[in-house]
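Worksheet for the structure shown next.
The values are calculated or read from the model by the stated rules, or taken from the named source; none is laboratory data. What you are looking at is a predicted structure, and each value in this text was computed from that prediction instead of being measured. Positions of Cβ are generated from backbone atoms using ideal geometry, with glycine treated the same way; all protein chains shown enter the neighbour counts.
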Amino acid sequence: DAGVIQSPRHEVTEMGQEVTLRCKPISGHDYLFWYRQTMMRGLELLIYFNNNVPIDDSGMPEDRFSAKMPNASFSTLKIQPSEPRDSAVYFCASSTLDGRRLTDTQYFGPGTRLTVL
Amino acid sequence: DAKTTQPNSMESNEEEPVHLPCNHSTISGTDYIHWYRQLPSQGPEYVIHGLTSNVNNRMASLAIAEDRKSSTLILHRATLRDAAVYYCILRVNNAGNMLTFGGGTRLMVKP
């Protein structure tokens, strides 16, 4: 498997523009997570889905952020309008419960580095 | 959620063992101890996890104190590629539980 795929890897945009980050989870995984990493706040969970349904979005910073998962193989995180303080690395991760190992290891993508000028 | 405490940074020499400590004095009976690491410019990756017994895998060993209030991740022979931030995380071992990352320990490996 190719692992979790994220695009774009780098995004530079101007304040006020709409930004869309994309994620393709590992095939067969039924959980998908969006995290954000900054120097100040470290790694923090934004939202996660189970079987394409949002389960917990309490980490989404404000209404400018939205996430969708229209099918099992694709998710988007949208910021509209973007602001300089949104500059961060955004990671997508996916998982499923391994009944044998009794754990659901999360597999992370390479991240999207977002810079809002 | 129960918290973990890790040193901010540690140094090691290449090909020597490394012991990365983690304190979790408020751990509950259902909490598993997970370790992830984040190599430079990459997403975090799973290293190992355990509940009560010591665990070994191809990447590392996990030694868990008898009272479970602390644990130690052991890299038997550090390589330059092991330089990363190591996160100790407590979580119930159900599918879909999120990972709550603390500050982690930045491991530097000297040649």
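Under the condition of being touching a residue at least 60 places away in the same chain (Cβ under 8 Å) and more than 17 Å from A:Arg9 (Cα to Cα), the residues counted in segment A:83-106 number 7. Only one entry in A:Thr103, A:Thr13 is of a type in the set (Val, Ile, Thr), facing chain B (nearest Cβ under 10 Å) and more than 16 Å from the chain's Cα centre (by Cα), namely A:Thr103.
Quick grid of which residues meet (1) of a type in the set (D, E, K, R); (2) under 9 Å from the mean Cα position of the chain (by Cα); (3) more than 17 Å from B:Leu107 (Cβ to Cβ):
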position	(1), (2), (3)
B:Val18	no, no, no
B:Ile33	no, yes, yes
B:Arg37	yes, yes, no
B:Pro40	no, no, no
B:Tyr46	no, no, no
B:Thr52	no, no, yes
B:Val55	no, no, yes
B:Leu62	no, yes, no
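For A:Ser82, the conditions (1) away from chain B (no Cβ under 14 Å); (2) part of a strand (DSSP E or B); (3) surrounded by 20 or more Cβ atoms within 10 Å (Cβ to Cβ) are fulfilled apart from (2).
For segment A:1-31, the set of residues classified as modelled with pLDDT under 95 and either surrounded by 15 or more Cβ atoms within 10 Å (Cβ to Cβ) or of a type in the set (Asp, Glu) (or both) consists of A:Asp1, A:His29, A:Asp30, A:Tyr31, listed by residue number.
A Cβ distance below 7 Å, combined with a sequence gap of six or more or placement on separate chains, defines the contacts here; from segment A:52-72, residues that are modelled with pLDDT under 95 reach residues that are hydroxyl-bearing (Ser, Thr, Tyr) in the pairs A:Ile55/A:Tyr48; A:Asp56/A:Tyr48.
With a requirement of 2 or more residues that are away from every other protein chain (no Cβ under 12 Å), the strands (runs of 3 or more DSSP E) lying completely within segment B:8-102 that satisfy it span B:9-13, B:18-23, B:61-64, B:70-75, B:84-92. Residues that are touching a Gly at 6+ places or on another chain (Cβ under 8 Å), part of a strand (DSSP E or B) and hydrophobic (A, V, I, L, M, F, W, C) are absent from segment A:27-34 altogether.
Residues are listed down the side, and each one gets a yes or a no for (1) of a type outside the set (Ser, Thr, Tyr); (2) under 20 Å from B:Ile89 (Cβ atoms); (3) within 12 Å of another protein chain (Cβ to nearest Cβ):
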site: A:Gln17; (1), (2), (3): yes, no, no
site: A:Thr20; (1), (2), (3): no, no, no
site: A:Cys23; (1), (2), (3): yes, no, yes
site: A:His29; (1), (2), (3): yes, yes, yes
site: A:Leu32; (1), (2), (3): yes, yes, yes
site: A:Ile47; (1), (2), (3): yes, yes, yes
site: A:Asn52; (1), (2), (3): yes, no, no
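Screening the candidates A:Met60, A:Met69 for the property of being outside any strand (DSSP E or B) and either buried (at least 17 other Cβ atoms within 10 Å of the Cβ) or within 13 Å of the chain's Cα centre (by Cα) (or both) yields one hit, A:Met60.
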